[in-house]
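To keep things clear, I will list the structure first and then write my remarks on it.
Each reported figure results from applying straightforward, stated rules to the coordinates on display, with no laboratory input. All values derive from a computational prediction rather than experimental measurement. Ideal geometry is used to build each Cβ from the backbone, glycine not excepted, and the neighbour counts take in all protein chains shown.
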Amino acid sequence: MRISKFLTVTIVTTAILLAGDVKGEVLIKKAKHNGLIAIPADKSELMKLIDKKKNITPERVKLGRQLFFDTRLSLDKTISCNTCHLLDQGGDDNVPVAIGHKGRENPHHINSPTVYNSVFFERQFWDGRSPDVEDQAKGPMVADVEMNITPQEAEKRIKAIPEYVKSFQKAYGKDVKITFGKIASTIGIFERTLVTPSRYDDFLNGDLKALTEAEQDGLALFIETGCTACHVGIALGGKMQPFDLSSGFEHNDIGDFKGNENGMIKAPSLRNISQTSPYFHNGTVINLIDAIKTMGKVQLLVDISDEEAKRIEIFLKSLEGRKPDTSAPKLP
């Protein structure tokens, strides 16, 4: 009798586990069918995606990291790239509006987006005006409300530091010319390595146990609700999209930013979204549940209940990724 009961329990348990595996496999197929793509687990495959121009070398990444953290690339020597894109947090600054030179707030009430996984974005900046991270890195340095330095002054300061000159020569060769463009592109090369694979990626890559049942349920609801209309690809965002299709965004009057010439705004990445509050281009929504419900209303024209928003939030928290070394380097 005991053996019979043991066998029955074992068979039932095995059946439940197999059913769960089948459900997980179906969900993976559904996710991929709807445009969701995992960060490759294989490092060589990942390098093909982030280093299409074959520019990444250890020496350039090390140099770019130093430049990313160096406040001397701002006019008053108080602001670095890391000031607004904190690597030990979510890759942003967790304030509603970007603050720059002499404490000035961005006049358009623009929120700092995350730098993490930005290599996967189709365009850079909220209005998509920049094609890649190397070009994007120029903007904040010369913007008068951000780092407020001129290209000439940036070049002058870096050239005046012997260790930097040696590092550029080591990274690019003895004949390298240290230009503003080279400084920015080196920062961009470092930013290409700021990739944060998560348990969500492990799941899509075939580890059926990587996500809990609740997280898998949230992923399924995320897809069924239509969130993948904007949040797709490896970045779960990063494409130019129309914003506020219902004209119902209650914070439309905060800031004058309306997107590019076609009214398109870059959909933010959802990776590490639980660490990048406040949300949206003008940083007006603090709570993730509220942000989910807001997107349902203004983008998908659907009412997402509190219970549904909580289920989706559980999935979104699984996008918290494994970060590279976030410590500040020793500067020359």
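Give me I289, I79 ranked fewest to most by other Cβ atoms within 10 Å of their Cβ, as a rough exposure proxy.
On the way: I289 14, I79 23.
Going from least to most buried by this count: I289, I79.
What is the extension gain from L245 to V165, computed as 0.36 nm multiplied by their sequence separation minus the C-alpha to C-alpha distance, in nm to one decimal? Provide the component values of the computation, followed by the final result.
Numbers: separation 80, 0.36 × 80 = 28.80 nm, distance 5.07 nm.
Here the answer is 23.7 nm.
Which value in deg cm²/dmol, rounded to the nearest 500, describes the helix-derived mean residue ellipticity at 222 nm for the chain, given -39,500 (n - 2.57) per DSSP H run of n ≥ 4 and division by the residue count?
Values: 13 runs with 140 residues, N = 332.
Value at 222 nm, helices only, nearest 500: -12500 deg cm²/dmol.
Go through [x] 85, 47, 29; [y] 53, 48, 37; [z] 60, 42, 36 and flag the label whose value is the computed Cα extents along the principal axes in Å for this structure.
Evaluating Cα extents along the principal axes in Å on these atoms matches [x].
Return the lysines within reach of K54: Cα separation strictly under 19 angstrom, same-chain partners fewer than 8 residues apart disregarded; answer none if there are no such residues.
Within reach: K43, K62, K170, K182.
So for H108, H85, fewest C-beta neighbours within 10 Å to most, what's the order? Working shown, then result.
Working: H108 16, H85 22.
By the 10 Å Cβ count, ascending: H108, H85.
So how strong a dipole does the chain carry about its Cα centre when Lys and Arg Cβ are +1 and Asp and Glu Cβ are -1, to the nearest 20 debye?
Details: 44 positive and 44 negative charges, 300 e Å.
It comes to approximately 1440 debye.
Fewest first, what order do E224, E134 take by the number of other Cβ atoms within 10 Å? Before the final figure, lay out the partial values.
Details: E224 12, E134 22.
Placing the least packed residue first, the sequence is E224, E134.
What residues have an amide H closer than 5 Å to that of S130, excluding those fewer than 5 places away on the same chain, when H is modeled at 1.01 Å from N in the peptide plane?
Sorted by chain and number, the residues that satisfy this are Q124.
Please identify the trypsin sites (Lys or Arg not before Pro) of region 274-314 that satisfy two criteria: DSSP loop assignment and at most 16 other Cβ atoms within 10 Å. Which are they? Provide the component values of the computation, followed by the final result.
Working: sites: K293, K297, K310, R311; in loops: none.
Answer in residue order: no site qualifies.
Whole-Hz Karplus ³J(HN,Hα) for region 236-247, in order, using 6.51 cos²θ - 1.76 cosθ + 1.60 and θ = phi - 60°, x for Gly and Pro?
These are the phi-based 3J(HN,Hα) values: 6, x, x, 9, 6, 9, x, 10, 6, 5, 9, 6 Hz.
Give the aspartates and glutamates reachable from K30 as a straight Cα distance under 18 Å; neighbours fewer than 8 places away on the same chain don't count.
The qualifying aspartates and glutamates are D21, D201, D202, D207, E213, E215, D217, E224.
For S269, what residues show an amide H to amide H distance below 5 Å, using hydrogens built from the backbone and excluding near sequence neighbours?
G238
For the chain, what is the relative contact order in percent, using Cα pairs closer than 8 Å and at least 6 residues apart in sequence?
Numbers: 558 pairs, mean separation 77.9, N = 332.
23 percent.
Output wanted: per-residue J couplings in Hz (rounded whole) for region 206-212, from phi through Karplus 6.51 cos²θ - 1.76 cosθ + 1.60, θ = phi - 60°, x for Gly and Pro.
After applying 6.51 cos²θ - 1.76 cosθ + 1.60, I find x, 7, 5, 9, 5, 10, 6 Hz.
In terms of modelled amide H atoms, which long-range or inter-chain residues lie less than 5 Å from the amide H of G233?
L36, I37
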